[in-house]
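Reviewing the structure listed below.
The values are calculated or read from the model by the stated rules, or taken from the named source; none is laboratory data. A quick note: this is a predicted structure, and the numbers were derived from the prediction, not measured. We place every Cβ from the backbone using ideal geometry, glycine too, and count neighbours over all the protein chains shown. Heavy atoms of the whole protein, side chains included, go into the accessibility calculation; ligands, DNA and RNA do not. Shrake-Rupley method; radii C 1.70, N 1.55, O 1.52, S 1.80 Å.
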Amino acid sequence: LDREVVDLIPSGRTVYIEREFFPDLLARRTPFFGFVTDEYWIDIGNPERYRQAQLDLLGGKVDTPLTPPGTRSGDVWVGAEVSIAPGASVRGPAVLGSGVRLEPEASVGPWSVLGDHVRVGRGGRVEGAVLWDNVSVGEAAVVTECVVGSGAVIGRGACVGAGAVVAENEVVS
């Protein structure tokens with residue numbers, strides 16, 4: 001959007017571009033243009049859509065030259081200095097960032113993205129979730145179909161379920 005059009009967006013409150021802003025432009029008779037494309041596009045304006053974009057990348061629905069960092073083994077990408085203890089498991093598609101540590105009996109995937117320096121404790125389970133950097137998942141904790149911000153701590157035995165968003169540096173016990 002051109003700067004002069006962006007300046008028309010009201011400040012200090014949530015504005016729905018497709019439901020409010022575009023109709024307002026039409027009412028003002030302000031010319032604006034778009035184009036039709038066959039390329040992948042998704043509005044990641046809410047946590048569900050953000051997670052969906054991650055899943056679409058993992059599932060190969062996005063034609064992009066970008067790939068997750070690290071080494072690919074089947075449909076699992078593994079960053080540098082990853083530690084997977086005996087008895088831990090990873091099912092793809094999944095991404096394990098650099099410095100990820102999976103303790104015994106931990107399980108990750110499918111459809112999971114773990115940022116750098118994530119730790120999944122003994123018996124912890126992560127499935128269909130996006131965990132940003134430096135997240136700690138405690139022993140026997142379960143994290144499914146959600147987004148967890150950087151530095152968050154999911155305590156021992158805690159459950160974070162579908163649609164949840166855990167803010168960075170928050171503690172779930």
Worksheet item: How large is ³J(HN,Hα) for each residue in the stretch 99-111, as worked out from phi by the Karplus curve 6.51 cos²θ - 1.76 cosθ + 1.60 (θ = phi - 60°), to whole Hz, x for Gly and Pro?
Response: x, 5, 10, 10, 7, x, 6, 6, 9, 10, x, x, 6
Fill in: Global form of the chain, assessed from the alpha-carbon gyration tensor, a/c cut-off 1.5
prolate
Worksheet item: Once you list every other residue whose beta carbon is under 12 Å from the beta carbon of Ser136, what net charge do they have if Lys and Arg are +1 and Asp and Glu are -1?
Response: -1
Worksheet item: Using modelled amide H (1.01 Å from N, peptide plane; none on Pro or chain starts), what sits under 5 Å from the amide H of Val108, excluding residues fewer than 5 places away?
Response: Ser89, Val90, Arg91, Val126
Item to complete: When a/c is below 1.5 the answer is rounded, else prolate if a/b is larger than b/c, else oblate, so apply that to the stretch 82-173 with a ≥ b ≥ c taken from the square roots of the Cα gyration tensor eigenvalues.
Response: rounded
Practice prompt. Taking only Cα atoms and a 10 Å spring cutoff, compute GNM fluctuations for the chain and point out the largest among Leu25, Leu58, Leu96.
Written response: Leu25
Discussion item. Tell me which of Gly121, Asn134, Gly97 sits at the most positive position along the dipole axis of the stretch 39-155, charges placed on C-beta atoms (Lys, Arg +1; Asp, Glu -1).
Written reply: Gly121
Fill in: Top of Asp133, Asp63, Asp24 by mean-square fluctuation, Gaussian network on the chain, Cα under 10 Å
Asp24
Worksheet item: Where does the charge balance sit around Ile42 when Lys and Arg score +1, Asp and Glu -1, over other residues with C-beta under 15 Å from its C-beta?
Response: -4
Discussion item. Run the simple label-point estimate for Arg13 and Ser98 please: 7 Å along Cα→C-beta, distance reported in nm.
Written reply: 4.5
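Apply the a/c threshold of 1.5 to the C-alpha gyration tensor of the stretch 72-131 and tell me whether it is rounded, prolate or oblate.
In terms of gyration-tensor shape, rounded.
Can you give the accessible area per residue of the stretch 32-121, in Å², using a 1.4 Å probe? Walk me through the numbers before you get to the answer.
On the way: 5510 Å² over 90 residues.
I get 61 Å² per residue for this part.
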Worksheet entry | Derived scalar couplings ³J(HN,Hα) [the stretch 55-61; Karplus, 6.51 cos²θ - 1.76 cosθ + 1.60; whole Hz; x for Gly, Pro] | 5, 5, 4, 4, x, x, 7
Worksheet item: Which of these, Ser73, Ser112, Ser89, has the largest mean-square fluctuation under a Gaussian network model of the chain (Cα springs below 10 Å)?
Response: Ser73
Worksheet item: Between Ile44 and Ser150, 0.36 nm times their residue separation minus their Cα-Cα distance comes to what?
Response: 36.3 nm
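Counting only protein heavy atoms, what percent of the accessible surface of the stretch 7-81 is carbon or sulfur at a 1.4 Å probe?
The C+S portion of the solvent-accessible surface of the stretch 7-81 is 54 percent.
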Worksheet item: How far is it, in nm, from the label point at Ala80 to the one at Asp133 when both lie 7 Å from their Cα along the line to the Cβ?
Response: 1.3
